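Q: First the structure, which I've put down as structure tokens, then a few questions once you've had a look.
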Amino acid sequence: METTSRPGHPLPYDTYRQAIERETLRFAEVVDGADPATAVPSCPDWTLAELARHVGALQRWFSTLLTGLVQEPPRSRDVELGLPEDAAEYAGWVAAGVPGVAEVLRGTDPRAAMWAWGEDQHARFWARRMLYETLVHRVDAEHAVGREPEIDATLAADGVDEFLVNLPYAGLFAPAVKKLHGTGETLAFRCADPAGGTGAEWRVRLEPDGFRLLPAAADDAPSEPDAVVRGQAADLLLLLYGRRSYTEAAFDVSGDAAVLDHWFAHTAF
């Protein structure tokens, strides 16, 4: 049997800061020159223009939250965007926001207490969240223009952890998450590649009042989960975000498929 462990800590703050810059510029490069009206299959009803507007606006909003170290949920998400009138210029607008975002992240103490919708009530939550929001949407853009995306395995594994750690709190904007219950079923996501952490495993238990991510080597965890999905870290990340299906050949699946179907019917966002 594989040795299992869940990555216990986020990556260093500077890793997020630097990766956000790289991923944002990569996103802008993908969108630049493409038809803004191009459909984005992984984001139904969105075009590349709408995807670019979302990425740029969200980064600016996160930066506003970090600048103010807000202590309670904001009542509005309105920020000054400076959005170009021509959608063909959105790629440049996204890229132009990079220096400002970098300045905010450099000037922010990652340990500063602040409101966050997820588990970690510190400024570092927003850097980690911004990275994976940007990275996954960069992949969305690449798929839309016919490119084959590449994802760093170490970042992907951390992205899996970030998703699962915060998912119990995501009902704020993903109502289906609130309906994810069970009777003690467990499912596991196992990492298959060395760079992502071979043997790294995330276990989730579905309970009558919701679900929870189990700590590594939890005393009350069964020896074998009811359902297991094993794959490369990058594939697991996209699977959790609803960009892939566990039925694809990239995944080694065992156990009760009904448990997996129940999970994925309530969790993608």
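The values are calculated or read from the model by the stated rules, or taken from the named source; none is laboratory data. None of these values were measured; they are calculated from a predicted model. Positions of Cβ are generated from backbone atoms using ideal geometry, with glycine treated the same way; all protein chains shown enter the neighbour counts. Ligands, DNA and RNA are excluded from the accessible area calculation, which covers all protein heavy atoms including side chains. Shrake-Rupley method; radii C 1.70, N 1.55, O 1.52, S 1.80 Å.
Q: Suppose we flag trypsin sites (Lys or Arg not before Pro) only when DSSP calls them loop and at most 13 other Cβ atoms lie within 10 Å. Which is the longest uninterrupted stretch of the chain?
A: Here the longest run is 148-269.
Q: Per q in 0.20, 0.21, 0.27 1/Å, what log10 I(q)/I(0) does a Debye calculation on the alpha-carbon atoms of the stretch 34-107 return?
A: Cα-only, vacuum Debye calculation for the stretch 34-107: -0.89, -0.94, -1.20.
Q: Roughly how many Å² is the accessible area per residue of the stretch 10-127, as a whole number, for a 1.4 Å probe?
A: The answer is 52 Å² per residue.
Q: Average projected area of the Cα convex hull of the stretch 170-255, in nm²?
A: Result: 6.2 nm².
Q: With θ set to phi - 60° and the Karplus curve 6.51 cos²θ - 1.76 cosθ + 1.60, what are the ³J(HN,Hα) couplings of the stretch 80-85 in order, to the nearest whole Hz, using x for Gly and Pro?
A: 6, 9, x, 5, x, 6
Q: Something else: Would you please name the chymotrypsin sites (Phe, Trp or Tyr not before Pro) within the stretch 167-216 that are DSSP coil residues with at most 15 other C-beta atoms within 10 Å of their C-beta?
A: Phe173
Q: For the chain, compute Rh as the Kirkwood radius over C-alpha pairs and then the Stokes-Einstein diffusion coefficient at 4 °C and 1.567 mPa s; write the answer in µm²/s, rounded to an integer.
A: 67 µm²/s
Q: Something else now. For the stretch 118-269, state what percent of all Cα-Cα pairs lands in each successive 10 Å bin, counting from 0 Å until the bin that includes the largest distance.
A: Result, from short to long distances: 11, 41, 38, 9, 0 percent.
Q: Compute the helix-to-body angle for 153-166: its Cα long axis versus the longest principal axis of the chain, expressed 0 to 90° and rounded to tens.
A: 80 degrees
Q: Let me ask something else about it. Would you rank Asp78, Asp256 by solvent-accessible area, highest first, keeping every protein chain in place and using a 1.4 Å probe?
A: I get Asp78, Asp256, largest accessible area first.
Q: Next up: In the full protein assembly as shown, how much of Thr183 is accessible to a 1.4 Å probe, in Å² to the nearest 10?
A: Accessible area, nearest 10 Å²: 120 Å².
Q: Follow-up question, since we're still on this one. Starting from the eigenvalues of the Cα gyration tensor, five times each then square-rooted, give me the equivalent ellipsoid semi-axes of the stretch 23-167, largest first, whole Å.
A: Rounded to whole Å, the semi-axes are 26, 18, 13.
Q: Using DSSP loop states and a limit of at most 16 other Cβ atoms within 10 Å to flag GluC sites (Glu not before Pro), what is the longest stretch of the chain containing no flagged site?
A: My reading of the result: 151-247 is the longest stretch.
Q: Here's another thing I want to ask about it. Under the rule of -39500 (n - 2.57) per DSSP H run of 4 or more residues, summed and divided by the residues of the chain, what mean residue ellipticity at 222 nm is obtained, to the nearest 500 deg cm²/dmol?
A: About -13000 deg cm²/dmol.
Q: In square angstrom, rounded to the nearest 10, how much accessible surface does Asp32 have for a 1.4 Å probe?
A: Answer for Asp32: close to 100 Å² accessible.
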